[in-house]
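Here's the structure, in structure tokens; my notes come after.
None of the figures in this text is laboratory data; all of them are computed from the coordinates on show. As the structure is a computational prediction, the values presented were derived from the model and not from experiment. Cβ: placed from backbone, ideal geometry, glycine included. Neighbour counts: every protein chain shown.
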């Protein structure tokens, strides 16, 4: 399917990497060079892709990687909430295509899980702008359409193995793009509250013990929920509270 036959909302300008590659890295490069908001890069042949912690994504030849360029007219601390919008859009796209009652879930900061197994992950990068803003922002998602790599922690899943055997990456892309537009518009109109509620409804349970790999360290504690700004609250072993931001998790400079 070429980009002319994709069924996308008109606000998007799709760019397909036919020969494969890293759509997220290419989107960041183009954003820094001034590509316009709404540019949506994607490939079904992702190669040389690393996750948030630097681990390689062992993608197959029919998995999906996509990334959208934004120019958020919001303080950087608010724009970072769009990471949760991206996770929700990814989960809804997956849920559209797998059997009913399949359980979708989230891991902080960027996992999307299907019956407890990781089926997708969200990516984030941004270019620092003036006054605590972003000049550009790229949000991406990596979805295991055909491949569930072995030996992963948490265990990996793919759409084709979980009840959608004939699904194509373009079908997932179309659904993701529509859900992202719907939820980013809702975030802009209503603020973070409905996004926070939707994420927490399928995120870790309050009181769940968790460990999180961050740049240069690992944090462990008991999940206390997201605060109103989108930060993760942990109760750590000494009884104190630790507040973790999306910016720290992705190594994004907000000034």
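Looking at the range 80-111, which of the residues that are in a loop (DSSP other than H, G, I, E, B) and within 9 Å of the chain's Cα centre (by Cα) is surrounded by the most Cβ atoms within 10 Å (Cβ to Cβ)? Explain how you work it out, then say what you get.
Start the filter on the range 80-111 by keeping residues that are in a loop (DSSP other than H, G, I, E, B), which leaves 80-81, 96-103, 108-110.
Checking which are within 9 Å of the chain's Cα centre (by Cα) leaves us with 109-110.
Working: 109: 24, 110: 26.
Here the answer is 110.
In the set 171, 197, 228, which member is in contact (Cβ under 8 Å) with a residue 12 or more places away in the chain and surrounded by fewer than 19 Cβ atoms within 10 Å (Cβ to Cβ)?
Working: 171 fails: surrounded by fewer than 19 Cβ atoms within 10 Å (Cβ to Cβ); 197 fails: in contact (Cβ under 8 Å) with a residue 12 or more places away in the chain.
The conditions single out 228.
Considering the range 231-255 alone, what residues qualify as being closer than 12 Å to residue 77 by Cα and free of Cβ contacts under 8 Å to residues at least 60 places away in the same chain?
Filtering the range 231-255 for residues closer than 12 Å to residue 77 by Cα gives 231, 245-248, 252-255.
Matches in the range 231-255: 231, 248.
Report yes if some residue within the range 239-252 is within 24 Å of residue 126 (Cα to Cα) and touching a helix residue (DSSP H, G or I) at 6+ places or on another chain (Cβ under 6 Å); otherwise report no.
Yes, because at least one residue in the range 239-252 is within 24 Å of residue 126 (Cα to Cα) and touching a helix residue (DSSP H, G or I) at 6+ places or on another chain (Cβ under 6 Å).
For the range 200-225, which positions are surrounded by fewer than 20 Cβ atoms within 10 Å (Cβ to Cβ) and under 18 Å from residue 92 (Cβ atoms)?
Result: 200, 201, 202.
Output the residues belonging to the range 39-56 that are more than 15 Å from the chain's Cα centre (by Cα) and buried (at least 17 other Cβ atoms within 10 Å of the Cβ).
Once the filter is applied, which keeps residues that are more than 15 Å from the chain's Cα centre (by Cα) and buried (at least 17 other Cβ atoms within 10 Å of the Cβ), the range 39-56 yields 39, 43, 44, 45, 46.
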